[in-house]
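To keep things clear, I will list the structure first and then write my remarks on it.
A short reminder: the numbers here are calculations on the coordinates, not readings from a lab. What you see is a predicted model, and the numbers here were worked out from it, not measured in a lab. Heads up, the Cβs are rebuilt from the backbone with ideal geometry, glycines too, and the neighbour counts pull from every protein chain shown.
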Amino acid sequence: MHELGIVFHIIKKIEEVAAENAVTSVNSVTLEIGEVSTIVDTYLQDCWKWAAAKSDYVKDAKLLIETIPAVTMCDSCKRTYETVKYGKTCPYCGSEDTYLVTGNEVSIKEIEAI
Amino acid sequence: MKDFKVIEIKESVFADNDRDAELLRGELKEKGVFLLNLMSSPGAGKTTTLMKTIDALRDKVKIGVMEADIDSDVDARTISESGAKVIQLHTGGMCHLDADMTRQGLREMGTDDVELAILENVGNLVCPAEFDTGAVKNAMILSVPEGHDKPLKYPLMFSICDVVLINKIDVLPYFDFDMEKCREYILTRNPAAKIIPISARTGEGIDEWAGWLLEEVNKWCK
Ligand SMILES: Nc1nc2c(ncn2[C@@H]2O[C@H](COP(=O)(O)OP(=O)(O)O)[C@@H](O)[C@H]2O)c(=O)[nH]1
Ligand SMILES: [Mg+2]
Ligand SMILES: [Zn+2]
C-alpha cells in the first residue's frame, strides 16, 4: 500500500504549512498526479479518508486530484509524444533515446483553508 | 459563508523525504557508518543472501541488520542465528521505509559498534524505489523465477539501484530466463548498474558481491 505512505507525507506537509500560516481548518487539498506515477486515485482517496480523520487540521478536507498528462521527449529527433500511447520508443524516428518530461509528478499544488 | 484562502505549496510529495535522506547520509558519514538498502519482491532471496553476506564479511567488518516487515519477525530470528546484531522494524502496514523511519531504526539498533548497517526493506518493487531511505548504496535482488522482463515492468526500481543481484542461478536450467536480455534491459534503464549473478543457495557469486560491498564500505568509512 504505496498510497498510504504518500498520504502520511502529504498530511505531515500540510500540518507544517497550516501551522506556519495560522490556519485552523483545511477545506480542500489539491494534488497534481502524473499519468504514469503509479498512484491509483481510488486507493489514494480511501487512504486519505482513513488517515485524514486522525488529523485536526485536515479531518474535513476534500482531496482534489488534477491529472498531469505524460509526455516523453526524444533526444534523437527532439520531438515530444504521448508516453501512454508509445512508451519508450519514439513514434517519429524509432529511437529509444527518450526521457519522460512530465507525467511522474506526485505534488501538492495548493490547499484551501481558513 | 466561510472565507477560504488558497495557499500555494507546489512541492513534490517526496521533497521533504529527499531532504531528510540527504541529512541522514550526512549523519552517517560523520559517524563512519555505511548503510546499504536491500530491496526485492517477496521471496527473491534477501534474507538468504544476507546470511551468506554476513558469513563472508563477519571477520572483516562489524555488521548490523535491520529487518523491515509489515508485521512479522521471522527474518530477524533467522538473521540472529548468524550471530550478527539484528533488530526487527515493523512498518505498521506500510509498504516501504522512509528516511525518518530508517533513522529511528538505526537509533534503536545502535550504531556505535556497527560499520556496515544493512536494511532489508519491505518486499516490493514499487514503493521502496520512491522513498530514499538515506542509504549510501541501493541494491536489489531479481531472482530467476521472476523472469528477465522485470526491468521493463519496474523501471524506477532498476534505475535507482547501484547493484542488481540476479539470484537463484542454480535453477537457471529449469526456467526460460534470458540472462543477456536481462542485462540489456537493466543497462538501458541504468547504464551504471553493476550486475552480479549469484546463488544464495550454493554461494556462487557471493564473493564478488561481498567484495564489492566491502570496498564501498572502506571508501565511505575512510
Ligand atoms: N534455489 C534457490 N533458492 C533460493 C535461493 N535464495 C533463496 N532461495 C529460497 O527462496 C525462498 C525465499 O528466500 P528469502 O531469503 O526468505 O527471500 P526474501 O523474502 O527476499 O527475504 C526461500 O525458500 C529460500 O530458501 C537460491 O539462490 N536458490
Ligand atoms: Mg526476508
Ligand atoms: Zn524521435
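Relative to the dominant Cα principal axis of chain B, helix B:206-221 is inclined by about 40°. With equal scatterers on the alpha carbons only and no solvent term, can you work out the Debye log10 of I(q)/I(0) for chain B at 0.14 1/Å? Normalising to I(0) and taking log10 leaves -0.84.
Secondary structure note: in the protein assembly as shown, about 35% of the DSSP beta bridges are antiparallel. Per-residue mean of foreign Cβ neighbours for A:27-40 is 2 (Cβ atoms of other chains, 10 Å radius). As a length-normalised measure over Cα pairs under 8 Å and 6 or more apart, the relative contact order of the stretch B:106-222 settles at 23 percent.
Sorting B:139-145, A:65-71, B:113-119 by average packing, meaning the other beta carbons within 10 Å per residue, from highest down gives B:139-145, B:113-119, A:65-71.
By the Cβ distance rule (another cysteine Cβ under 4.7 Å), the unpaired cysteines of chain B are B:Cys161, B:Cys182, B:Cys221.
Contact order, relative form, for the stretch B:59-135: 41 percent (alpha carbon pairs under 8 Å, 6 or more residues apart, mean separation divided by residue count). Each residue in A:Trp48, B:Trp220 was given a count of other beta-carbon atoms within 10 angstrom of its own, and listing them fewest first yields B:Trp220, A:Trp48. Principal-axis analysis of the Cα atoms of chain A puts helix A:2-20 at an angle of about 60° to the longest axis.
With one equal scatterer per alpha carbon and no solvent term, the Debye-computed log10 I(q)/I(0) for chain A at 0.09, 0.12, 0.19 1/Å reads -0.33, -0.52, -0.88. Residue farthest toward the positive end of the dipole of chain B, with Cβ of Lys/Arg at +1 and Asp/Glu at -1: which of B:Phe4, B:Cys221, B:Ala117? Positive-most Cα among the choices belongs to B:Cys221. Between B:Ser80, B:Leu172, B:Leu24, the Cα set farthest toward the positive side of the dipole of chain B (charges on each charged residue's Cβ, about the Cα centre) is that of B:Leu24.
Charged neighbours of B:Ile118, selected by a Cβ distance under 10 Å, balance to -1 (K, R count +1; D, E count -1).
Taking every residue in A:93-105 and counting other chain Cβ atoms within 10 Å of its Cβ, the average works out to 1. In sequence order, the stretch B:103-116 has phi-based couplings of 4, 4, x, 4, 5, 5, 6, x, 10, 4, 10, 10, 9, 10 Hz under the Karplus curve 6.51 cos²θ - 1.76 cosθ + 1.60, θ = phi - 60°, and Gly or Pro positions carry x. Dipole of the protein assembly as shown computed with +1 at Lys/Arg Cβ and -1 at Asp/Glu Cβ about the Cα centre; of B:Ala99, B:Ala56, A:Ile68, farthest Cα towards the positive end is B:Ala56.
Within the protein assembly as shown, the proportion of Cα pairs with more than 34 Å between them is 32 percent. When shorter helices are ignored and each DSSP H run of at least 4 residues is given -39500 (n - 2.57), the per-residue value for the protein assembly as shown at 222 nm works out to -11000 deg cm²/dmol. Counted over all Cα-Cα pairs of the stretch B:1-43, pairs farther apart than 15 Å make up 68 percent.
Would you mind telling me the antiparallel percentage of the DSSP bridges in chain A, rounded to 5? In chain A, DSSP labels about 65 percent of beta bridges as antiparallel. Which Cys in chain A stand alone, with every other cysteine's Cβ at 4.7 Å or more from theirs? So far as the 4.7 Å Cβ criterion goes, A:Cys47 stand without a partner in chain A. By other beta-carbon atoms within 10 Å, ranking B:Asp178, B:Asp20 with the fewest at the front produces B:Asp178, B:Asp20.
Counting Cβ atoms of other protein chains within 10 Å of each residue's Cβ and taking the mean over peptide B:7-19 gives 6. Computed over chain B, relative contact order equals 25 percent, with contacts defined as Cα pairs under 8 Å that lie 6+ residues apart.
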